[in-house]
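Comments concern the structure below.
Coordinate-derived values only; no laboratory data. What you are looking at is a predicted structure, and each value in this text was computed from that prediction instead of being measured. Positions of Cβ are generated from backbone atoms using ideal geometry, with glycine treated the same way; all protein chains shown enter the neighbour counts.
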Amino acid sequence: MNNQATSSDITNTALQPVTYGRYFDAKGKRIVLPFSYTELERTRRFALRLLNSFHFRTGNNILITALLDQAVQLMPVERAIYAAGLVLVSADSSIYDAKRVESIIRRFELSAAINTTSATLDGLEQLGHDPKTLFTGLTVWAAPCAYDRLIDYPETSVLRYMEIGPAIAMECPYKNGAHIDRFEWQVESMDDELVLSSRVERCADFFQYRTGIRGVVHHGSCQCGNPDPRIILSE
Amino acid sequence: MLDQSNYQYFDPHIETLPREQIAKLQESRVLQLIPYVYQRSPLVRELWSKAGITPDDIQSMDDFKAKVPFMDKDTIRAYRDQHDDPFGGLTCATAPHLKGVGFTSGTTGDPTPVPRSERHISTESTLREAWQIGARPGDTICDMLFTFRDGLSLDRWMEAGFITAPVQHLPSEIPTFIEVSRQLRPTVLFMLSTPMIMALEQYQKETDDDLTEALSSYKGVIFGGEALNPHFRQLVESWGLEIFILSSLGDIATTMECKAHDGLHTWEDLALVEHLDPVTNLPVADGERGELVVTSLSDDVAPLIRYRTDDLISFTTKPCSCGRTHGRLTPLGRIGDEMIVQGKSILPVDILPLVSEFPETSSGLFQLIRPQREVDVLKLRIGFDPGSLTGELNALRARLLDKLSTELQIPLSIDMISNEELIKNSPPNKIPRVTKT
């Protein structure tokens, strides 16, 4: 597969990076991703559009489990949580921190959990906890590694959270596919592969970047009212 | 833009504030804090009610130190359990001003919540600390924090113009760390731990990579989480790196060495530091062993008030050769880790240099078995490197027993376990130094 980024020279940027995050290319290789405050703010607005399609209330607690190098992807979601008047509760998405996740679920009245991973599920099980019971009643955005394990939980609303190359996509309550920021990215499906082009200036621009992820793009209206296109993964 | 390359301090007027000005600032902040927190924090109201005081009783710093009751982790946890309040009665604000909840490590039970606004108090201290290592606007900080349990706030470095490069704090991520170091040439590493040093050593053995070259951009690396093993200090320094020890300033901010390496600078504009005898609660003299007790001076979400940290420290307010005026502490251990063996106080820090002397146990991995605080015989579990073992394991045990008994003058028993086994189920940044079984 031909993976092409128009700029890989991370020192030649017009926007000042606030952090050097990472994304994974189609072969799973970790690539440094400089990320500016401008991009952070734009992605925060995307995440806020997504959160607004839920009926969370001021003061609701939202858990984000992540790893430190997911800052580019999830720091904007944290900021959207702040902007929505919700309260962010944080833990690592590692096996080691499953104890903290269990404690948080027990102690805090959570409304949702974002980026739940198989490492967290493994850690919870190793500690003797049943994730099915713990996640009962929650809205859970599951990372791809955990989605299939969680989707059968009848009392949990399981949604997709995905990294698509340098972009993120999240499902709304109607589960019609994972929304992706239409102002930031032009997303197409070429030969059943998702291909990204950045639409506005970024620290690292992308043009017809082949992500290696198989799926199709729906541009039609969604019941949630959010016009951001939706990605549906191919079987 | 102002050329700040030769500016010694990030926040020059605050970092060098004369002691009497620090005292005035602290008193002003405490007197503003008292009515605010009393009106809002249910835990503070409950504690003060039991102590029979109200804000009207506090008219000066002397009143504060004489009358205000202490709180500690157990107090917060008890309030949390009794009132089903996950914040332990600490919060003075609700959403939307309350933005997030971080946590303590949770080593001794359910993690204690640390609620906050969008502003992280520790930002102020970490910026001063990175600056004193030598980072300047435009520099990259390699952020390899143990966990991000305080949120993914990597833009907090932005206020000083620093750019972060986050890397997972996992031994398996050492190749990524090396790659990022070569590609982005960071000036500060925040932060190293014992397992990461071991992983770097292993990486060097396996790849023969030149770590001195790969890490040559660093003006300093920050180490924290536990006491630094002398063997590992030597190893890290052999890669051309200067180590700066960092610790938590009672869950309020961070505290770190400056280039003088003569104690960790507390930030007394952010936290009122008291250094008290854990039994009598009276102030301890400069340089003596005492407990760190802190009051948050710039937190309007969940300020800790006379919070007993359980940390044993020595403390001095004598000026540092770096020119900063804020007091300096030296961490000695945790009261909860202290064992009394036939009347003698033993802390992990007493064991570490002795265990590290032996090549087979130079990693300094060990645990004190602490079924209760006072015991007749100290039981130790010591990790060893099977690859370094030249004779019988029992012979190594006997040598360790002889060394430790002679130096510590207490009865001991020792179990040997491979390093790999000991760290297998531990978090990625350290092993628990004290365990019940």
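What pairs from B:Lys219/B:Lys318; A:Lys175/B:Lys99; B:Lys73/B:Lys379; B:Lys65/B:Lys318 go past 25 Å between their alpha carbons? If you can, show how the numbers build up before the last one.
Details: B:Lys219/B:Lys318 27 Å; A:Lys175/B:Lys99 28 Å; B:Lys73/B:Lys379 27 Å; B:Lys65/B:Lys318 21 Å.
The pairs that break the limit, which is 25 Å between Cα atoms, are B:Lys219/B:Lys318; A:Lys175/B:Lys99; B:Lys73/B:Lys379.
What is the ratio of the Cα radius of gyration of the protein assembly as shown to 2.2 N^0.38 Å, with N the residue count, to two decimals?
Numbers: Rg = 25.8 Å, N = 672, 2.2 N^0.38 = 26.1 Å.
Cα-based Rg divided by the globular estimate yields 0.99.
Dipole size of chain A about its Cα centre, with +1 on Lys/Arg Cβ and -1 on Asp/Glu Cβ: approximately 440 debye, rounded to the nearest 20.
With contributions of -39500 (n - 2.57) from each DSSP H run of at least four residues, the per-residue ellipticity at 222 nm computed over chain A stands at -7000 deg cm²/dmol.
How big is the Rg/Rh ratio for segment B:99-193, C-alpha atoms only, Rh by Kirkwood, two decimals? Present the calculation step by step, with values, prior to reporting the outcome.
Numbers: Rg = 14.1 Å, Rh = 14.3 Å.
In segment B:99-193, Rg relative to Rh is 0.99.
Computed with the Debye formula from one identical point scatterer per Cα of segment A:1-154, without solvent, the log10 of I(q)/I(0) at q = 0.09, 0.11 Å⁻¹ comes to -0.33, -0.49. A straight Cα-to-Cα reach below 17 Å connects B:Lys205 with none of the lysines, residues fewer than 8 places away in its own chain not being considered.
Once fully extended, how much extra length lies between B:Asp209 and B:Gln8, figured as 0.36 nm per residue of separation less the alpha-carbon to alpha-carbon distance? Working shown, then result.
Working: separation 201, 0.36 × 201 = 72.36 nm, distance 3.42 nm.
Extra length from B:Asp209 to B:Gln8 when fully extended: 68.9 nm.
So how do B:Met1, B:Met339 line up by other beta-carbon neighbours within 10 Å, fewest first? With the sparsest Cβ surroundings first, the list reads B:Met1, B:Met339. Counting beta carbons within 10 Å around each of A:Arg100, A:Arg42 and listing the fewest first gives the order A:Arg42, A:Arg100. Report, as a whole number in µm² per second, the diffusion coefficient that Stokes-Einstein gives for chain B at 37 °C and 0.692 mPa s using the Kirkwood radius over alpha carbon pairs. After rounding, the answer is 142 µm²/s.
Set the Cα radius of gyration of segment B:28-121 against 2.2 N^0.38 Å, with N its number of residues, and you get 1.13. Using Cα-Cα distances under 8 Å and only pairs 6 or more residues apart, what relative contact order does chain B have, in percent? Normalised by residue count, the contact order of chain B is 13 percent.
Kindly put A:Val32, B:Val114, A:Val217, A:Val200 in sequence by how many other C-beta atoms sit within 10 Å of each C-beta, fewest to most. Let's see the in-between values first.
Details: A:Val32 20, B:Val114 23, A:Val217 16, A:Val200 11.
Lowest count first: A:Val200, A:Val217, A:Val32, B:Val114.
Kirkwood hydrodynamic radius of segment B:314-379, from the reciprocal of the average inverse Cα-Cα distance over all distinct pairs: 14.2 Å. Of B:Lys259/B:Lys430; B:Lys344/B:Lys403; A:Lys99/B:Lys50, which pairs sit farther than 28 Å apart, going by alpha carbon to alpha carbon? In this structure, A:Lys99/B:Lys50 exceed 28 Å between Cα atoms.
Let a ≥ b ≥ c be the square roots of the eigenvalues of the Cα gyration tensor of segment B:121-333; is it rounded (a/c under 1.5), or, if not, prolate (a/b larger than b/c) or oblate?
Details: a/c = 2.00, a/b = 1.64, b/c = 1.22.
Prolate, since a/c reaches 1.5 and a/b exceeds b/c.
Helix A:98-107 and the longest principal axis of the Cα set of chain A meet at an angle near 60°. Residues considered: A:Val77, A:Val89, A:Val158. Largest GNM mean-square fluctuation over chain A, using C-alpha springs under 10 Å, is found at A:Val89.
Summing charges over all other residues whose Cβ lies under 9 Å from the Cβ of A:Leu233, with Lys and Arg as +1 and Asp and Glu as -1, gives +1.
For a Förster distance of 30 Å, can you work out the FRET efficiency between the beta-carbons of A:Ala26 and B:Ser238, rounded to the nearest 0.05?
Numbers: r = 40 Å, r/R0 = 1.33.
The calculated FRET efficiency here is 0.15.
Each of B:Pro166, B:Gly138, B:Thr187 was scored by the projection of its Cα onto the charge dipole of chain B, and the greatest displacement toward the positive side belongs to B:Pro166; charges sit on the C-beta of Lys, Arg, Asp and Glu. Think of each Lys and Arg Cβ as +1 and each Asp and Glu Cβ as -1; about the Cα centre, that makes the dipole of the protein assembly as shown roughly 980 debye.
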